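Report on the structure given below.
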Amino acid sequence: MRSTFKVLFYLKKNSLKPDGKAPIMGRITVNSSIAQFSCKLNIKPDLWDTKANKAFGKSVEAQKINQKLDNIRTQIGKQYQSICDKDNFVTAEKVKNGYLGFGEEYRTLLSVADEFYEQFSKRVGKDRTDGSYEQLLINRKRVESFLRDKYNLSDIPLREIEPQFIQDYYSYLLEERKLAGSTLLTAITKLKQIMLIAQRRGFVRVNPFAGFRFKAQTRDRGYLTEDELQRFMAVELRRYKQRQIRDIFVFQAFTGLAYADVKKLTFDDIQKSFDGEMWLIAKRKKTGTTFYVKLLPVAKQLIEQYRLVAKNKFIFPVPSNVENMNRTLRRIGKQAGITKWISSHMARHTMATTVCLSQGVPIETVSQMLGHSNIHTTQIYAKITNEKISRDMAALTDRIGDKYQVEINRPESDFRNIGKVGKRNKSML
């Protein structure tokens with residue numbers, strides 16, 4: 001039985017270009033299957049004949065567009081006939097792929113991404129980390145969600161990706177997924193990486209990222225103030241698991257360890273150093289950079305408490321899933337009257353800002369303790385809190401004392417004439 005076959009063209013009116021033109025789309029129907037594609041043509045909506053599926057009139061622009069559309073229809077017809085001759089099962093998707101010239105070289109965005117991710121996974125533990133691999137998979141899910149939400153697709157051919165696709169993805173991450181700062185930059189960069197691979201392998205001739213520019217805005221790093229940290233530490237908790245997770249967060253807040261680092265922390269990482277004090281010396285899982293943290297009393301107390309109940313070499317029973325830990329932290333924060341969106345990583349920010357920088361610890365020292373490979377990363381945390389301003393100004397007041405004095409017993413006329421002097425000077429300009 002012969003398949004029913006049809007090709008029609010229509011405007012995508014909800015995606016107008018800056019010049020007011022709308023993209024011309026194509027739709028292939030084979031039996032009950034449908035496949036859509038971009039014709040790579042644009043036209044103003046008032047010049048489009050909806051009933052005839054082509055441009056109005058006989059202007060030069062209309063003739064050129066209609067000629068190209070006829071050519072597209074002819075090529076698609078040839079592909080349909082070719083597939084019918086070779087294959088008993090014909091779908092709109094097969095015809096579209098044949099028209100787009102895929103064949104054996106047919107590649108989609110996610111298929112190329114998955115090949116790269118598979119190769120990357122084989123290097124984990126050698127010159128790549130688990131964290132980097134996890135970030136790739138997170139960003140794959142973001143692209144997958146974007147394709148589903150924006151285009152109702154499970155994947156997209158590489159040759160159909162245009163600069164507008166990149167702009168749409170950026171807007172989607174910014175407006176719908178609420179990404180910002182380095183997270184947004186990383187998501188865009190990971191997609192760009194896949195497109196560069198596709199270009200090097202000859203799957204696309206022009207990278208759609210060419211000409212795309214954006215500057216990620218730095219997002220404020222949340223942290224607990226001194227008062228909030230005290231309340232978080234003091235709140236009464238009934239459940240043992242909640243108390244454990246709070247202990248882990250507090251330890252992070254007084255050592256600067258990230259979730260991945262405190263999770264792999266062992267008693268062997270605690271060493272007596274040159275000064276006879278206990279230090280935490282280990283390598284960051286994310287960067288491999290060695291960090292050195294002289295343990296504060298709170299951190300030492302927690303280590304000794306958990307040494308008594310430890311069942312293996314690891315100091316803390318860190319939950320395997322950071323999101324589970326974050327949910328518990330937010331519940332604890334709510335009980336402590338803290339409205340901030342608390343996460344495990346906020347402890348690291350708290351250590352940098354509240355525990356160290358606000359207390360006058362030099363930024364170079366904080367950078368070393370956090371295990372940053374570049375001090376510019378540490379500068380993101382370098383906020384001046386109101387508490388520190390108050391302490392610094394109090395200290396300045398003590399140093400200055402009565403050194404500077406103004407004349408107290410001045411004539412009242414001096415102050416009444418201030419406005420008049422200002423007006424007179426202004427009139428002379």
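Just so it is clear, none of the values below were taken in a lab; they were calculated from the coordinates. Since the model is a prediction, treat every value here as computed from it, not as a measurement. For neighbour counting, all protein chains shown are included, and Cβ atoms are generated from backbone atoms with ideal geometry for every residue, glycine included.
In the structure shown, the pairs Lys44/Lys68; Lys141/Lys334; Lys13/Lys192 are assessed against 20 Å; a Cα-Cα span above that value is assigned to Lys141/Lys334; Lys13/Lys192. Taking 14 Å as the cut-off, the amide N atoms of the stretch 287-321 that come nearer than this to a point 7 Å along the Cα-to-beta-carbon line of Met278 belong to 293-310, 315-316.
Grab the other residues whose beta carbon is less than 12 angstrom from that of Gln301, score K and R as +1, D and E as -1, and report the net.
Values: positive: Lys300, Arg307; negative: Asp247, Glu304.
Residues near Gln301 contribute 0 overall.
Sorting the segments 143-154, 258-269 by their mean number of nearby beta carbons within 10 angstrom, highest to lowest, gives 258-269, 143-154.
Please identify every one of the GluC sites (Glu not before Pro) in the stretch 211-288 that sits in a loop by DSSP and has no more than 14 other beta carbons within 10 Å of its own beta carbon.
Values: sites: Glu226, Glu228, Glu236, Glu277; in loops: Glu236, Glu277.
Filter output for the stretch 211-288: Glu236, Glu277.
Using a cut-off of 22 Å between Cα atoms, the listed pairs Lys126/Lys178; Lys263/Lys311; Lys40/Lys78; Lys311/Lys340 include Lys126/Lys178; Lys311/Lys340 as exceeding that distance.
Modelled spin-label separation between Arg73 and Lys51, with each label point placed 7 Å from Cα along the Cα-to-Cβ direction: 1.6 nm.
For Ser320 and Gln81 in one chain, what is 0.36 nm times their gap in residues minus the Cα-Cα distance, to one decimal in nm?
Taking 0.36 nm per residue and subtracting the Cα distance, the gain is 80.5 nm.
Listed highest first by mean packing, meaning other Cβ atoms within 10 Å per residue, what order do 5-17, 159-171 come in? Before the final figure, lay out the partial values.
Numbers: 5-17: 14.2, 159-171: 16.8.
Going by the mean number of other Cβ atoms within 10 Å, highest first, we get 159-171, 5-17.
Using a simple spin-label model with pseudo-atoms 7 Å out from Cα toward Cβ, Phe212 and Ile197 lie 1.6 nm apart.
Here the extension length gained between Tyr240 and Gln167 equals 21.5 nm, from 0.36 nm per residue of separation less the Cα-Cα distance.
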